[in-house]
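Working notes for the structure below.
Every number in this text was worked out from the coordinates using simple rules, so none of it is lab data. Everything quoted here is computed from the prediction, not taken from an experiment. Heads up, the Cβs are rebuilt from the backbone with ideal geometry, glycines too, and the neighbour counts pull from every protein chain shown.
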Amino acid sequence: MAIVFAKEQKPIEMRAVYQQALVEILREHPQVVVMDADLVGASGTAKVFKEFPDRCINMGISEANMIGAAAGMSLVGKVPIIHTFAPFATRRVYDQLYLSGAYQKANLRIYGSDPGFTSGHNGGTHTSVEDLALMRAMPSATVLAPADATQFSWLLKETSKMYGIFYIRASRKGLKDIYDPASTFEIGKGVVLCEGSDVVIFAIGEMIEQALTAKDELEKSGVSVAVVDMFTVKPIDREIIEKMIVGKKLVVTAENHSKIGGLGSAVAEIMAENGYGIPLRRVAIQDRFGEVGLPDYLQKTYGLTKDDIIKAVSEVL
């Protein structure tokens, strides 16, 4: 793992990163096939489908069939990379993922896009607040939530060389740079973005930026804050959690997901099992369904802003 932090934070569209990464992967790995569920335009892969027509398949709005077909292909040596919106990549196809995928040891990479507030005007039917919980419960699945374009691209390329079930959840839209393109990572290991002595914030995905902004504001009032990128939600990095909470007055988790079953639950399980007597606050979507709205509105409505993180800290300290 070699981490270099970005000097400038400019938003980069994740779907553009997805397209470029797929082109590079397809050129290097002849067994890779790309599959989409009638969202070629949404995922930005029209160029990929045009350049590799024999290795890209639009499966239509038939997600369960897509997973079953991908699992079958993987068992004869193909390496499928699959995309659809997060609720359709997990909730709608869970039985196929579980049995055709994980149970029979298939080899699948699933990109579930636009989770949580990033679903925007697509509304409640297209909003996934439970995908991490579902995929964490699936035996042998690796669950990933990249923080920016660099990490997303690295995960796509790295998992294309590996065998197993890999679920990557990320927006299709722009996320600010956290890491320099020269960075490399290790699946299963968190990244300490900054050290602090009073509070540690474990965050993923879209909430990394909010955690770092909250950290800057809290430190103006004398609160020292550490921030850790837990981009691998499963297997969770137990070692870094146990190390980073030592001596802290408060532990905070921040995720664009339900408070039930996601990153907060994973951290709580480790804290409970080890008997740490430290308060834990989970900044996450409460037990509710999604709704229609612009992402900025939904982020505030779901309580996923830097102000919500600051409030969680202030209530304890």
Under 5 Å between amide H atoms, partner at least 5 residues away or on a different chain: which partners does Thr184 have, H built in plane at 1.01 Å?
-> Ala2, Ile3, Val4
Hey, what D do you get for region 119-216 in µm²/s if you plug the Kirkwood alpha-carbon radius into Stokes-Einstein at 37 °C and 0.692 mPa s?
-> 216
Could you sort 39-48, 305-314 so that the peptide with the highest average Cβ count within 10 Å comes first and the rest follow in order?
-> 305-314, 39-48
Note to self: C-alpha centroids of region 147-179 and region 1-79 sit apart, in Å, by 11
Contact order normalised by residue count of region 191-316, Cα under 8 Å, 6+ apart, percent = 28
Under the Karplus relation 6.51 cos²θ - 1.76 cosθ + 1.60, θ = phi - 60°, what is the ordered set of whole-Hz ³J(HN,Hα) values for region 218-234, x standing for Gly and Pro?
-> 5, 5, 5, 9, x, 9, 8, 10, 9, 10, 10, 8, 9, 4, 9, 7, 8
The chain, relative contact order [Cα under 8 Å, separation at least 6], % | 19
Can you work out ³J(HN,Hα) from phi for every residue in region 238-254, in order, using Karplus 6.51 cos²θ - 1.76 cosθ + 1.60 and θ = phi - 60°, giving whole Hz and x for Gly and Pro?
-> 4, 4, 6, 5, 4, 5, 6, 8, 4, x, 7, 8, 7, 10, 10, 10, 9
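Given the Cα-Cα distance of Lys161 and Ser314 and 0.36 nm per residue of separation, how much length would full extension add, in nm? Don't jump to the answer; show the numbers that get you there.
Working: separation 153, 0.36 × 153 = 55.08 nm, distance 4.44 nm.
Extra length available between Lys161 and Ser314 comes to 50.6 nm.
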Nonlocal amide H pairs with His257, under 5 Å, H built at 1.01 Å = Ile285
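Restricting things to Cα coordinates, could you compute the convex hull volume per residue of region 191-316 in Å³? Can you show the working numbers first?
On the way: hull volume 12.5 nm³, N = 126.
Taking only Cα atoms, region 191-316 has a hull volume of 100 Å³ per residue.
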Mean Cα-pair separation over length for region 81-136, i.e. relative contact order, pairs under 8 Å, 6 or more apart, % | 48
Against the 2.2 N^0.38 Å rule of thumb, the C-alpha Rg of the chain sits at a ratio of 0.96
The base-10 log of I(q)/I(0) that the Debye equation returns for region 12-176 at q = 0.11, 0.15, 0.17 Å⁻¹, one scatterer per C-alpha, is -0.37, -0.72, -0.96
Cβ crowding within 10 Å averaged over residues, with 175-187, 13-25 ranked highest first | 13-25, 175-187
Under the Karplus curve 6.51 cos²θ - 1.76 cosθ + 1.60, θ = phi - 60°, whole-Hz ³J(HN,Hα) for region 117-133, x wherever Gly or Pro sits = 5, 6, 5, x, 6, 5, x, x, 5, 9, 9, 10, 10, 10, 5, 5, 4
